[in-house]
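Some notes on the structure that comes next.
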Amino acid sequence: MSYYLERIQRGVDFIETRLDEDISLASVARAAGISQWHFQRIFKALTGETLKTYIRARRLAGSLDRLLTTKLRVLDIAILAGFDSQESFARAFKKAFGMTPQEYRGIGDRSLFLRKVELDTEYLRHINQNVSLTPEIVTQPARTMVGVRTHFFGVDSEKNNVGDQLPPLWQMFLPRLAEVQGRVPGFTYGIVRQDPADPERLEYHAAVEVTGPRIVPEGMVAIELPQTTYATFSHRGAVQHVDHTVNYIYSTWLAQSGRRHSYGADLEMYGSEYHPTSEDSVIYYAIPVD
């Protein structure tokens, strides 16, 4: 089993032995031995669901067994499943199974059990359309970027608000490019990294590389990128589908490459090949690797 699959499996095993406890996402990542953001990102790419959704589903599966094999009150089963009230448990249960807990207890249908996720990258090989399957490995020197910053919840979170946060940031930044002195021509960058103050969130910069004296326009920030080796992939097509490329990188290439993410910032790179309305548009996505 590859390094990352083994780490994700550690996290899943940790969850499975603690379904009756309060499980924090941070504790799962610690048990797996990788950062919270990367655990959640790889888990989402592998399974198609968020970590919180998976934990809730596994707890609902446990509640099925209790409804069928014990005389516990529905309220007690709801609390054991991690719900604050019988009402919220009943809503989630009906959404998952199409019936109330009381109806299920009366029917006693064991076929409704949710199965533990099986981690297998083979089914994800289809996530390779319009993606360069073999990246270019390039070491970049230390660089200074200047741009604007926001914080957001990524696709691996139930609070995903990428569409609300990132487009307005670019709409604000692009008209102000001329204000950035010493701008290096060629690319604009989306810089993605875990928010150092909140592991639940990501930090995103829309930025350009600069040289010379660091003069930061009002309302902008500077970010220093250390010398880094990147695995750089091309993505062809609409930018809103870049997640397909990122899923391939994290679930398939990274799991099989023998390399490890260095926990630095990921980069989106927009150059002359990028056209926002063209299906032939090309952007580049780079992850820092050891």
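Structure above, values below:
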{"item": "Taking N as its residue count, the alpha carbon Rg of the chain over 2.2 N^0.38 Å", "result": "1.17"}
{"item": "Accessible-area order (highest first, 1.4 angstrom probe) of the listed residues K44, K71, K52, K159", "result": "K71, K159, K52, K44"}
{"item": "For the chain, calculated [θ]222 nm from helices alone, where every DSSP H run of n ≥ 4 adds -39500 (n - 2.57)", "result": "-10500 deg cm²/dmol"}
{"item": "Which listed pairs, of K52/K95; K44/K94; K44/K95, have C-alpha distances above 19 Å, in listed order", "result": "K44/K94; K44/K95"}
{"item": "Relative contact order [Cα under 8 Å, 6+ residues apart], the range 198-290, whole percent", "result": "36"}
{"item": "Approximate spin-label separation D20-I79, in nm, with each point projected 7 Å along Cα-to-Cβ", "result": "1.4"}
{"item": "Straight-distance crosslink candidates among aspartates and glutamates, where the alpha carbon sits under 18 Å from K159 and sequence neighbours closer than 8 are dropped", "result": "E49, D195, D198, E200, E203, D243"}
{"item": "The range 161-290, accessible surface, carbon-and-sulfur percent (1.4 angstrom probe)", "result": "50"}
{"item": "Apportionment of accessible area to carbon and sulfur, the range 1-50, percent (1.4 Å)", "result": "45"}
{"item": "Mean accessible surface per residue for the chain, computed with a 1.4 Å probe while every protein chain stays in place, in Å²", "result": "50"}
{"item": "Solvent-accessible area of I79 with every protein chain in place, 1.4 Å probe, in Å² to the nearest 10", "result": "100"}
{"item": "R0 of 22 Å, Cβ-Cβ distance Q9-T53: FRET efficiency to nearest 0.05", "result": "0.75"}
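The values are calculated or read from the model by the stated rules, or taken from the named source; none is laboratory data. This is a predicted model, so every value here is computed, not measured. When we count neighbours, we look across all protein chains shown, and the Cβ atoms used for this are built from the backbone with ideal geometry, even at glycine. All accessible areas refer to the heavy atoms of the entire protein, side chains included, with ligands and DNA or RNA removed. Shrake-Rupley method; radii C 1.70, N 1.55, O 1.52, S 1.80 Å.
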